[in-house]
Ligand SMILES: [Zn+2]
């Protein structure tokens, strides 16, 4: 069974298995604690008796688990719930969302690293930016370690962990297999930082982080694709509420799927990749070129509509093959709002419509530029407390 190498590191493998279920007895208790936390996250105010009914655990076990969570400062009694009859009044329980700080990093742009601090419900305490300067390779790891150590030192509350959304290919153990922009190849970033910082660390691909954020904090469905459009194009795939990582840890890497034969040359060596159509630089380049042509087929809305259709072409077979019912698109709202999204939606619908399945909704993300930070925070919450 795959598991994290160290108890101080979180692991996506847990998420793929849907929880903290493992073989060792101490992990059994950990798993029960996670079940209680998830139940209280889903339904704040549950009593001990209700928790026992919902989880199938005995009342004695529940009382014991709740006592441990209250001791840790993670759960509080919320006063007496309306009594259903004679006897001891029932006491509702709730998660103390302000009990810990979660620190999240978005390092897609090394010159403007974003650092967010969140509470246990994903509420933002602060967002700041910092720079990794010209550091690459091992120096970039060290610089990131310094930034994270400083963030921990400055935190007002005990730190639950540090989540990091990284560009490139990241495996389920938080090893960055490849991130060109940072000069990283096979860098075990999660393990290195967990050792350096002494708190749980989770490292995951930024598009996967954004997909997690949609599920945890953006109202996203359990079976969905989250497309992230920045300087590049990536996607995170959620199936049954769990992130799909893939054999080469590259699930969702749709940016280099060809959507136009003989199209523009791409940095990957192929021609006509999705990225040459819908990355932010590509969209802006096409809009500038279109502006020179004037109205008609070169108009802003025609260009954005065609770009949206190219995204739809790349998405349609994935949507049909995986039977997901939602696609969420995140990126610069001024480019994507309106005709881009509606064209992508129309094309996906046209190509995947079937009497065997419900139509797939294609919509813009409501999370804005915070999605990667929120997703990194959500993975820390999942790997340490078991709340998805
Ligand atoms: Zn390419």
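Assorted remarks:
- Filtering segment 160-183 to residues that are more than 19 Å from residue 246 (Cβ to Cβ) and outside any helix (DSSP H, G or I) leaves 160, 161, 162, 163, 164, 183.
- Within segment 252-287, the set of residues being touching a helix residue (DSSP H, G or I) at 6+ places or on another chain (Cβ under 7 Å), without any contact (Cβ under 8 Å) to a residue 24 or more places away in the chain, in a loop (DSSP other than H, G, I, E, B) and within 8 Å of the ligand (Cβ to nearest atom) comprises 256, 266.
- Just one of the listed residues (134, 148, 142) is over 26 Å from residue 245 (Cβ atoms), assigned to a helix (DSSP H, G or I) and in the same structural domain as residue 195 (by TED's automatic domain parsing), namely 142.
- Which listed residue, of 249, 305, is away from the ligand (no atom under 16 Å from the Cβ), in a loop (DSSP other than H, G, I, E, B) and surrounded by 14 or more Cβ atoms within 10 Å (Cβ to Cβ): 249
- Test: residue in segment 288-299 that is crowded, with 16+ Cβ neighbours inside 10 Å, assigned to a helix (DSSP H, G or I) and more than 16 Å from the ligand (Cβ to nearest atom): yes
- Any hit, segment 315-323, residues being in a helix (DSSP H, G or I), surrounded by fewer than 18 Cβ atoms within 10 Å (Cβ to Cβ) and either within 16 Å of the ligand (Cβ to nearest atom) or in contact (Cβ under 8 Å) with a residue 40 or more places away in the chain (or both): yes
Here's the yes/no breakdown for (1) surrounded by fewer than 17 Cβ atoms within 10 Å (Cβ to Cβ); (2) within 22 Å of residue 216 (Cβ to Cβ); (3) over 23 Å from the mean Cα position of the chain (by Cα):
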residue	(1), (2), (3)
69	no, yes, yes
79	yes, no, yes
102	no, yes, no
106	no, yes, no
110	no, no, no
129	yes, no, no
161	no, yes, no
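- In the set 211, 207, only one residue is surrounded by 20 or more Cβ atoms within 10 Å (Cβ to Cβ), more than 16 Å from the ligand (Cβ to nearest atom), within 21 Å of the chain's Cα centre (by Cα) and part of a helix (DSSP H, G or I); that residue is 211.
- Filter result for residue 350 (in the same structural domain as residue 234 (by TED's automatic domain parsing), over 26 Å from residue 240 (Cα atoms) and in a helix (DSSP H, G or I)): no
The values are calculated or read from the model by the stated rules, or taken from the named source; none is laboratory data. Remember, predicted model here, so these are calculated numbers, not experimental data. Using ideal geometry, Cβ is built from the backbone for each residue, glycine included, and neighbour counts are taken over all protein chains shown.
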